[in-house]
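Notes follow once the structure below has been shown.
The values are calculated or read from the model by the stated rules, or taken from the named source; none is laboratory data. All of these numbers come straight from a predicted model, not from anything done at the bench. FYI the Cβ positions are ideal-geometry reconstructions off the backbone, even for glycines, and counts take in every protein chain you see. Accessible surface areas use protein heavy atoms only, side chains included; no ligands, DNA or RNA. Shrake-Rupley method; radii C 1.70, N 1.55, O 1.52, S 1.80 Å.
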Amino acid sequence: MITSQYVPIRLGVIADDFTGATDIAGFLVQNGVSTVQLSGIPDAPVTVDAQAIVISLKIRSCPAAQAVDTALQAHEWLRKAGCNRFYFKYCSTFDSTAAGNIGPVTDALLDACQQPLAIICPSLPVNGRTVYQGHLFVFDQLLSESGMRHHPVTPMTDSHLGRVMEAQARGQAGLVSYDVIRHGSAVIAERLQELTEQGKRYAVMDTLQEQHLLDIAAAVIDQPLVTGGSGLAIGLARLMATEDTAQNHAAEAEGRPAPGPSLILSGSCSEMTNRQVNHYLPLAAHRMIDIQRCLEDGPAYLLELQQWSSEQALQAYQQGQPAPLLYATATPDQVSATQQAYGAERASQAIEALFGQLAAGVYQQGVRNFIIAGGETSSSVTQALAVNAFHIGPQIAPGVPWVRATDRLLSMALKSGNFGSESFFSRAQEFLQ
Ligand SMILES: Nc1ncnc2c1ncn2[C@@H]1O[C@H](COP(=O)(O)OP(=O)(O)O)[C@@H](O)[C@H]1O
Ligand SMILES: O=C(O)[C@@H](O)C(=O)COP(=O)(O)O
């Protein structure tokens, strides 16, 4: 079955981190689907008047059993909220540890949806992520040769998605190759049926350009569960979109940030974030986090950074200067030296906690806009600020919209490590004028 135009679709997205959640929410809105983004699973049922609900989780690098349990709870909550299609959103660079969590979570959601096979579709061609013969590329590099091989938490050293899935999950993977994809949705649907009959559990989707995402979406629109990066949402959204563009523009306006004291927090160590930080250093007040003090001086260091950040943010706002930058961003050599000295997990958790506590403190002192680089970093900060839900605003760069808390004056730009151009931090502030 290729299209379900007579069945109203309500899409429930389970996103494994917060930048990923805003990424997909932004594309849904941009392509005509009204969307609300929730931080975590609400304690109680909430009435949400939108075609799509995105639940942001922080389950990318936690133990697999915890990720599965949380994803299943999110699925159940979304089902009760009236969703009839489910989308497990992971990273376009397939960020995962050796133990998961993409494989175990996909297995659990397949069981919950009573579905035999899930597509694996991380591609996002607008940001250079494509899949060919089952290998994931980041622009012109194999994933395993890209900067992702040095990721501090989820280093990716194999670009063959079928192999990565089979190592983490319970079943076997098959390929829907470019040769099939290029013939469009009907042929794609036939191939998926064939893989299901062969007993495959995951279908890796070759995808080179946006048209392929539209065709894949048309082939799977009736499947209860899909998995992917945010690119597939472009295709699904175009099939789901209402024609009321005026309403969508009004919704986007609700997500626009307001001028106010602003702060940039950068915890990503990706190649692109390193370039963005270097580009911004000559433009504004900045301070690099001293990881030894972060681990050893705890509260005293936090207080010192908090004071510096809020003073600089208020001053920059009053004087019409660019927002200050606080960063832990470092090169692969610096990261590995830190990890050897203190342990990888200890260091990353301490840095994430510092950013979260700092954000909560400076919000109390009047900072109202946060530009954050890094998925884990963004999750930590959003949780510390206790934001329950976001309106989705305009896109700063593909996959990075401004989002605005629904209950108070607080806006955030949650930038995935590798997204945005070199001048991203300045570009984000153009929306604050
Ligand atoms: N200098 C550093 N040394 C070691 N780890 C770091 C350093 N700076 C940041 N980190 C950690 O690296 C991780 C980066 O992940 P994340 O925020 O998701 O960025 P990305 O979006 O690039 O994946 C975080 O856990 C962060 O705390
Ligand atoms: O799909 C993507 O690339 C992003 O939405 C995403 O998940 C990014 O994760 P981080 O690079 O960890 O921010």
Given Cβ point charges of +1 (Lys, Arg) and -1 (Asp, Glu) and nothing else, what value in debye, to the nearest 20, does the dipole of the chain about its Cα centre take? 320
In square angstrom, rounded to the nearest 10, how much accessible surface does C62 have for a 1.4 Å probe? 30
Charge dipole (debye, nearest 20) of the stretch 119-274; +1 at Cβ of Lys and Arg, -1 at Cβ of Asp and Glu: 400
Among A337, Q395, T377, which residue has its Cα furthest toward the positive end of the charge dipole of the chain, with +1 on Lys/Arg Cβ and -1 on Asp/Glu Cβ? Q395
Can you list residues from other chains, or at least 5 along the same chain, whose modelled amide H is less than 5 Å from the amide H of I119? A203, T227
In the chain, whole DSSP H helices that both stretch 30 Å or further along their axis by alpha carbon positions and average at least -1.0 on the Kyte-Doolittle scale are 298-319, 344-364
Any idea what diffusion coefficient the stretch 11-253 gets from Stokes-Einstein, in µm²/s, Kirkwood Rh on alpha carbon pairs, 25 °C, 0.890 mPa s? 139
Could you tell me what fraction of 2.2 N^0.38 Å the Cα radius of gyration of the stretch 262-432 comes to, as a two-decimal ratio? 0.96
Solvent exposure ordering (accessible area, 1.4 Å, most first) of E210, E296, E376: E296, E210, E376
In whole percent, and with a 1.4 Å probe on the protein chains, what portion of the accessible area of the chain is carbon and sulfur? 49
Going Cα to Cα from K80, which lysines come in below 23 Å? Please leave out same-chain ones fewer than 8 positions away. K58, K89
Would you tally the net charge around A413, using a Cβ to Cβ cut-off of less than 14 Å, leaving A413 out, and scoring K and R as +1, D and E as -1? +3
Would you be so kind as to identify which of I9, Q292, L281 lies farthest towards the positive end of the dipole of the chain, taking Lys and Arg as +1 and Asp and Glu as -1 on Cβ and the Cα centre as origin? I9
Computed about the Cα centre, the charge dipole of the stretch 262-432 from +1 Lys/Arg and -1 Asp/Glu charges at the Cβ has a magnitude in debye, to the nearest 20, of 440
How compact is the chain by the rule of thumb for globular proteins, expressed as Cα Rg over 2.2 N^0.38 Å? 0.94
Among M288, M272, M240: highest mean-square fluctuation, GNM of the chain, C-alpha pairs under 10 Å: M288
Whole-Hz ³J(HN,Hα) for each residue in the stretch 138-147, computed from phi via Karplus 6.51 cos²θ - 1.76 cosθ + 1.60 with θ = phi - 60°, x for glycine and proline: what do you get? 10, 6, 9, 10, 4, 3, 5, 9, 7, x
Sort H183, H279 by accessible area with a 1.4 Å probe, largest first. H183, H279
Mind grabbing the accessible area of Y132 for me, 1.4 Å probe, Å², rounded to tens? 100
Interchain or long-range residues, amide H under 5 Å from R85's placed H: R10, G12
Taking only the alpha-carbon atoms of the stretch 34-165, the convex hull volume per residue, in cubic angstrom, is 118
